[in-house]
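Visitor: Take this structure, written in structure tokens, and hold onto it; I'll ask about it next.
The values are calculated or read from the model by the stated rules, or taken from the named source; none is laboratory data. Computed from a predicted model, the values in this text were never measured in an experiment. Counting neighbours? That spans all protein chains shown, and the Cβs are built from the backbone with ideal geometry, glycine included. The area values use the complete protein model at the heavy-atom level, side chains included, leaving out ligands, DNA and RNA. Shrake-Rupley method; radii C 1.70, N 1.55, O 1.52, S 1.80 Å.
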Amino acid sequence: MSDKVRQQYELLPYPARDPREEAQRLIEGSPSHLIELNHYLFAGARDFARPFRALVAGGGTGDGLIMLAQHLQDAGCPAEIVYLDLSQASRAVAEQRARVRGLGGITFMTGSLLDLPSLGLGPFDYIDCCGVLHHLADPPAGLAALEAVLAPDGGMGIMVYGALGRTGVYPVQAMLKTLNAYAPAPALTATAQLATARDLLKQLPATNWLRRNPAIGDHLAGGDAGLADLLLHPQDRAYSVPELAALARGAGLEIAAFIEPWRYDPASYLTDAGLLHRLQNLDPIARAAFAEQLAGNLKRHTVYLVRTERAGASVARPDDGMVPVLRAGSGALAESLKGRGTLKVSIDGLEVRLQVPPHSAEILAAVDGKRTIAEIRQTVGGTVEALKDPSAFGAAFERVYNTFNKLNRLLLRRGAA
């Protein structure tokens, strides 16, 4: 990263976080949620009783780091996590958040991910790199540096900006550069540039694409750090799905999963059977690209990556020995689905209604993170007449799993927690 990028995050660590709030809540998301990364990178079979080495590259103020470290600690895993970031101010926030939580096993380092191949830190079972590659002058070099320290059977979770969902961002960035270029020298401080940005936002006409874009509200509501990251960043770019896939392949990697999967499926938006039929033979990347064009609001792409030779084998698949697990916050899901035929999902200005498969409430009510699919079949079959037949249950479970896995709510692991 350039000195200007480093300077921005020294002045305005992003996202803005108060370490004292760690006593009240754990911020969870994607990638790097432990159940999720196990599902998509290790076929649900990773044994976290064994040592686990993770790298958080460009860890910022620590959201991904803190979530992953807490999950590993809760799992009793003998884990080692390396945090790396250019910004000492961001690192200080992340370190304090870890101290408030009493999290150990973390090595904090200040530096560039481009130096990883020469630091002798690898190999890592898992690498988190969120919101970093798109700020590099040479993103392929950055991803290659990460790949160089990845264990042969390991995987990555990365996030880069999405081109279509950031519609309007770059013209406003360009306007601000013009305004700041003609400002007197005293007006070039960070405070003055933020004030100019706010003044311009107030003046944007109703037809301006940024004003019309509902997907970027979280940045605009993120205070000075969020506004600077969105509109005053000295170096960023965005990716379409095909561009991201090409970036990964250039480093010998493949996309194992898009998060959340439903957003990358044309069937989430189209109901015309004839149109969907024409898309049925598209490969996964082409389908995801079509869905991106269709939705128009994918402002970021969160994906899991594995080496090319592991493509197709890293994602968990249902079988009788698998344990279905609902993500945290999904506890009331089964009860909420009773008697409902559709599920409304709203995100970034888009509202869609997804079909709720029959018996979703009964099947999800039996998912406790301990029972295997075979045990759930016995439990549900004992109370639901229509699901007593194993083949009927199997078909019903597959429909339920496909729906709620696409929503990133239902995941799989092999064996006990």
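Visitor: Roughly speaking, to the nearest percent, how much of the chain's 1.4 Å accessible area is carbon and sulfur?
Guide: The computed percentage sits at 53.
Visitor: Take the range 206-283, drop everything but the C-alpha atoms, weight them equally and run the Debye formula without solvent; then report log10 I(q)/I(0) at 0.21 Å⁻¹ to two decimals.
Guide: -1.11
Visitor: Let me ask another. Place a +1 charge on the Cβ of each Lys and Arg in the range 41-186 and a -1 charge on the Cβ of each Asp and Glu, then give the dipole magnitude about the Cα centre in debye, rounded to the nearest 20.
Guide: 400 debye
Visitor: Provide the FRET efficiency to the nearest 0.05 for the R211-Q88 pair, computing r from the beta carbons and using R0 = 30 Å.
Guide: Calculated transfer efficiency: 0.25.
Visitor: OK, next. With all protein chains present, calculate the accessible area of E10 using a 1.4 Å probe and round the result to the nearest 10 Å².
Guide: Rounded to the nearest 10, the figure is 70 Å².
Visitor: Same structure again: On the first, second and third principal axes, largest extent first, how far apart are the outermost C-alpha atoms of the chain in Å?
Guide: Result, largest extent first: 77, 50, 42 Å.
Visitor: With only alpha-carbon atoms in the gyration tensor, what are the semi-axes of the equivalent ellipsoid for the range 63-122, in Å, largest first?
Guide: With the √(5λ) rule applied to the range 63-122, the semi-axes are 21, 15, 8 Å.
Visitor: How much accessible area per residue does the chain have, in Å², with a 1.4 Å probe?
Guide: Each residue of the chain exposes 44 Å² on average to a 1.4 Å probe.
Visitor: Using only the Cα atoms, work out Rg/Rh for the range 310-364, with Rh taken as the Kirkwood radius, to two decimals.
Guide: Here the Rg-to-Rh quotient is 1.05.
Visitor: Any aspartates and glutamates with Cα under 13 Å of the K406 Cα? List them, leaving off those in the same chain fewer than 8 positions away.
Guide: E36, E260, D265, E398
Visitor: Can you work out the base-10 log of I(q)/I(0) for the range 357-396 at q = 0.17, 0.22 1/Å, using the Debye formula on its C-alpha atoms alone?
Guide: -0.35, -0.59
Visitor: Give the long-range amide H neighbours of R300: residues separated by 5 or more places, or on another chain, with amide H under 5 Å away, using H modelled in the peptide plane at 1.01 Å from N.
Guide: So R300 has HN proximity to G162.
Visitor: Return the distance in nm (one decimal) between the two label points of a simple spin-label model at A174 and A195, each offset 7 Å from Cα along Cα→Cβ.
Guide: 2.8 nm
Visitor: Could you give the radius of gyration (one decimal) and Dmax (whole number) of the Cα atoms in the range 265-342, in Å?
Guide: Both quantities, over Cα of the range 265-342: 16.6, 44 Å.
Visitor: Test of understanding: what is the full-extension gain from H277 to V384, defined as 0.36 nm times their sequence separation minus their Cα-Cα distance?
Guide: Full extension of this stretch gives 35.1 nm more.
Visitor: Which value does Rg/Rh take for the range 1-127 over its C-alpha atoms, Rh per Kirkwood?
Guide: On the Cα set of the range 1-127, Rg over Rh gives 0.96.
Visitor: Determine Rg/Rh for the range 157-278; Rg is computed over alpha-carbon atoms and Rh is the Kirkwood hydrodynamic estimate from the same atoms.
Guide: 1.08
Visitor: Given the convex hull of the Cα atoms of the range 35-77, what is a quarter of its surface area in nm²?
Guide: For the range 35-77, the mean projected area of the Cα convex hull comes to 3.1 nm².
Visitor: Taking only the Cα atoms of the range 240-288, how large is their convex hull per residue, in Å³?
Guide: Value for the range 240-288: 75 Å³ per residue.
Visitor: Still on this structure, please answer the following. Greater than 24 Å separation of Cα atoms is the criterion. Which listed pairs, K344/K370; K177/K202; K299/K338; K344/K388, meet it?
Guide: K344/K370; K299/K338; K344/K388
Visitor: Using the Cα gyration tensor of the range 56-155, with a ≥ b ≥ c the square roots of its eigenvalues, what is the shape: rounded (a/c below 1.5), prolate (a/b larger than b/c) or oblate (neither)?
Guide: Taking the square roots of the gyration eigenvalues as a ≥ b ≥ c, the range 56-155 is oblate.
Visitor: Same structure, new question: Over every pair of different alpha-carbon atoms in the range 91-148, take the mean of 1/r and invert it; report that Kirkwood radius in Å.
Guide: Result for the range 91-148 stands at 13.1 Å.
Visitor: Compute, for the chain, the length of the dipole vector about the Cα centre, with Cβ point charges of +1 (Lys, Arg) and -1 (Asp, Glu) only. Units Debye, rounded to 20.
Guide: Using only the charged Cβ atoms, the result is roughly 640 debye.
Visitor: Give the average over all directions of the projected area of the C-alpha convex hull of the range 126-207, one decimal, in nm².
Guide: Hull-based average projected area comes out at 7.8 nm².
Visitor: Now for a separate question. Take R20 and V352, extend 7 Å from each Cα along the Cα→Cβ direction, and tell me the distance between the two endpoints in nm.
Guide: Taking the two extended label points, one gets 4.2 nm.
Visitor: For the range 219-353, what is the convex hull volume of its Cα atoms per residue in Å³?
Guide: Per-residue hull volume (Cα only) is 184 Å³.
Visitor: Could you give the dipole magnitude of the range 235-301 about its Cα centre, charging the beta-carbon of Lys and Arg +1 and that of Asp and Glu -1, in debye to the nearest 20?
Guide: It comes to approximately 100 debye.
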